[in-house]
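The values are calculated or read from the model by the stated rules, or taken from the named source; none is laboratory data. No experiment lies behind these values; they were computed from the predicted model shown. Please note: Cβ atoms are built from the backbone with ideal geometry, for glycine as well, and neighbour counts cover all protein chains shown. Surface areas here come from the heavy atoms of the whole protein model, side chains and all, with no ligands, DNA or RNA. Shrake-Rupley method; radii C 1.70, N 1.55, O 1.52, S 1.80 Å.
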Amino acid sequence: MQSNAALEYDYTVAKLFTYTAILFGLIGMLIGTLIASQMAFPELNYLFGEYGTFSRLRPLHTNVVIFGFTVSGVFATFYYLGQRVLKVSMAESKFLMFIGKLQFVLYVILALGMVVSLLMGYSTSKEYAQMEWPLDLLTVVVWVLWGISIFGLIGIRREKSLYISLWYYIACFLGVAMLYLFNNMEVPTYLASGGLGSIMHSVSMYSGTNDALVQWWWGHNAVAFVFTVPIVAMIYYFLPKESGQAIYSYKLSLLSFWGLMFVYLWAGSHHLLYSTVPDWMQTMGSVFSVVLILPSWGSAINMLLTMKGEWNQLTENPLIKFMVLASTFYMLSTLEGPIQAIKSVNAIAHFTDWIPGHVHDGVLGWVAFMIMSGLFHMAPRMYKREIYSKKLMEAQFWIQTTAVVLYFTSMWIAGITQGMMWRAVDEYGNLMYSFIDTVAVLHPYYAIRALAGVLYVTGFVMFAYNMIKTMSSSRELTEEPQFRSPMA
Amino acid sequence: MDIRNLQGYASFFMTIFLVIFLYGYIIHLYRSEKKGEKDYEKYGNIALDDEIDSTPVESGSEHQSEKRGAK
Ligand code: HEM
């Protein structure tokens, strides 16, 4: 027992990032649904002049859901569970509290800058790294502040060992720092030329094949260190805590951690198969992608086994349902990805709709499910109120699960159809189809995906409503729940 | 040998090294638990028993493993 009995965890910063996660989640997914609809009904491109076209909105969608929604979720959960597993409160350090709030303020400014500049058409044209150089600099500041928070909290901890989730947050911090810096090495043309052109414009310091390699080293590892590593951190804490079951095998979690770290960094070149990068590098990308199944499934199976003997909770607690389905979708997409990385499969899959299909069974089924269930779990502890409605949560679960299934199945069919039609030749070796033939065939599948978007956003609105009601008007709790989150 | 070949070989041997390292790590984990030097599984309780006033699973000096839920 510590002497300081009145001490409590301080969730101020965690709450702030919870609000941005909800806000950016909603905006990002609305844009996603709009661009999905544009693919099915092209007239929708002309709603808002140049600002409403697919080409403007697509990078906005990816940046808002990745750096707005997901990263907010990462920060919110870190500021919540980081304190808890280290058994130290933010309230114990004025300095860390200040850093946390400063990080939030700068983050919001950065996010606004990102949205505005992308809408205006400022872009480096590097995927997931579209922000121009002034925003890149601000990103570095925000990230460094997060690092100070992580290591500052670790510095004043009571719990000597770092729980596995923290390993993953640290890996997220270090991995993104390294990759982001390397990929965004750029020269602002205005400054370098002594005043020519736009102040916002820059050119990459790499060119040609090198540029492609660095870009996909980053691009793929953005998937690793933003969509995987911190989400694994979340499930390693929230699933055991919500279910009251310790991780099935802590040793396996350590092993999967190092496995993931070793293997992920080498898989990026699977984005560049059949391109001008050296052959051995393409082969390496394929091989490492396949090996990646092992550490990924190591974590996922560890989570499923954590529920051993407690599967009844799956029917009783919708939060457990969300998390178990999340780890199942994680298994699906980490099997699908390696399959797409095999060269002969990639020859069909590359450039087709199968790729966004794959992306979204991961991000909708795994990333967003995990973030939402993490925030749901945190809400009763942060606001000292029970979750507003279990029924609503159940309904949300089924609507969104349906949406994910509709999204990836329609894109599987669309992608493979597209891939086969593009390469189909007649008996004389002439291409059988022109591009517009494929577009016509794919129309129904694009419409299904747009419907999936509508359903997913509907579920997200239910989530937001449930959270807001929990914050404001749900029944108050007298005592903090130990495991299962109370819900009305 | 040009730089690209060198890079290829470096990558190959690095992989071998990492594989050996990882298997070494597995052996290390299980062996130190068998010898009783470490109990890795107790760390799982850090998530379950995470009140600010609960006893750390491992504070400054080695403590014996905590029972979950103990307050
Ligand atoms: C309502 C939910 C969503 C819908 C309807 C949706 C729709 C779309 C569409 C139409 C694209 C463009 C595909 C193309 O260019 O062919 C896209 C790309 C993308 N989306 Fe979403 N999205 C949703 C949610 C999300 C979320 C929550 C995330 C991440 C957390 C996400 C991450 C991405 C990424 C990374 C890409 C780029 C994929 C690639 O380059 O292949 N999306 N999305």
Query raised in the report: Can you tell which of A:PRO356, A:PRO318 is in contact with an Asp or Glu (Cβ under 6 Å, 6 or more places away or on another chain) and either under 21 Å from A:GLU394 (Cα atoms) or modelled with pLDDT of 95 or more (or both)?
Result: A:PRO318
Requested in this report: Identify all residues within region A:56-79 that are surrounded by 21 or more Cβ atoms within 10 Å (Cβ to Cβ), closer than 15 Å to A:ALA224 by Cα and near the ligand (Cβ under 9 Å from one of its atoms); write none if there are none.
Outcome: A:THR70
Report task. Confirm whether A:ALA414 is within 15 Å of the ligand (Cβ to nearest atom), open to solvent by less than 50 Å² (accessible area, probe 1.4 Å), of a type in the set (A, V, I, L, M, F, W, C) and in contact (Cβ under 8 Å) with a residue 60 or more places away in the chain. Result -> yes
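Of these, A:VAL223, A:VAL214, which one is modelled with pLDDT under 95, open to solvent by 10 Å² or more (accessible area, probe 1.4 Å) and more than 17 Å from the chain's Cα centre (by Cα)?
Working: A:VAL223 fails: more than 17 Å from the chain's Cα centre (by Cα).
Among A:VAL223, A:VAL214, only A:VAL214 is modelled with pLDDT under 95, open to solvent by 10 Å² or more (accessible area, probe 1.4 Å) and more than 17 Å from the chain's Cα centre (by Cα).
Can you find a residue in region A:388-395 that is within 14 Å of the ligand (Cβ to nearest atom) and either not in a helix (DSSP H, G or I) or not β-branched (Val, Ile, Thr) (or both)? Break it down stepwise before answering.
Residues of region A:388-395 within 14 Å of the ligand (Cβ to nearest atom): none.
Scanning region A:388-395 turns up no residue that is within 14 Å of the ligand (Cβ to nearest atom) and either not in a helix (DSSP H, G or I) or not β-branched (Val, Ile, Thr) (or both).
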Query raised in the report: Could you give every pair whose Cβ atoms fall below 9 Å, whose first residue belongs to region A:18-39 and is farther than 22 Å from A:ALA379 by Cα and more than 14 Å from every other protein chain (Cβ to nearest Cβ), and whose second residue is within 8 Å of the ligand (Cβ to nearest atom) and not in a helix (DSSP H, G or I), counting only separations of at least 6 or pairs across chains?
Result: A:MET39/A:ASP353
Query - Any pair with Cβ under 7 angstrom, 6 or more apart, that starts in region A:438-464 at a residue that is at negative phi and at pLDDT 95 or above and ends at one that is within 12 Å of the ligand (Cβ to nearest atom) and open to solvent by 60 Å² or more (accessible area, probe 1.4 Å) - result: A:TYR446/A:MET39; A:VAL457/A:LEU30
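For region A:288-354, which fully contained helices (runs of 4 or more DSSP H) count at least 3 residues that are more than 16 Å from the ligand (Cβ to nearest atom) and of a type in the set (Ser, Thr, Tyr)? Outline the logic, then answer.
Values: elements: A:293-306, A:312-316, A:318-341, A:343-349.
Of the helices (runs of 4 or more DSSP H) lying wholly inside region A:288-354, those with at least 3 residues that are more than 16 Å from the ligand (Cβ to nearest atom) and of a type in the set (Ser, Thr, Tyr) span A:293-306.
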Requested in this report: Would you check which residues across region A:80-92 are open to solvent by less than 10 Å² (accessible area, probe 1.4 Å) and not charged (D, E, K, R) and list them?
Outcome: A:TYR80, A:LEU81, A:GLY82, A:GLN83, A:VAL85, A:LEU86, A:VAL88, A:SER89, A:MET90
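Matching residues to (1) among the polar types (S, T, N, Q); (2) within 21 Å of the chain's Cα centre (by Cα):
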| site | (1), (2) |
| --- | --- |
| A:GLY259 | no, yes |
| A:TRP266 | no, yes |
| A:THR276 | yes, no |
| A:GLY285 | no, no |
Requested in this report: Could you run through region A:120-141 and say how many residues are of a type in the set (A, V, I, L, M, F, W, C), open to solvent by less than 30 Å² (accessible area, probe 1.4 Å) and more than 13 Å from the ligand (Cβ to nearest atom)?
Outcome: 2
Query raised in the report: Just one of A:PRO295, A:PRO356, A:PRO278, A:PRO318 is more than 14 Å from chain B (Cβ to nearest Cβ) and free of Cβ contacts under 8 Å to residues at least 60 places away in the same chain; which is it?
Result: A:PRO356
Report task. Could you check, for region A:464-484, whether at least one of its residues is in a helix (DSSP H, G or I), within 26 Å of A:GLY25 (Cα to Cα), out of contact with any Phe, Trp or Tyr (no Cβ under 6 Å at 6 or more places or on another chain) and open to solvent by less than 60 Å² (accessible area, probe 1.4 Å)? Result -> yes
Report summary line: Matching residues in region A:227-275 (at the interface with another protein chain (Cβ under 8 Å from one of its Cβ atoms) and of a type in the set (Val, Ile, Thr)) number 1
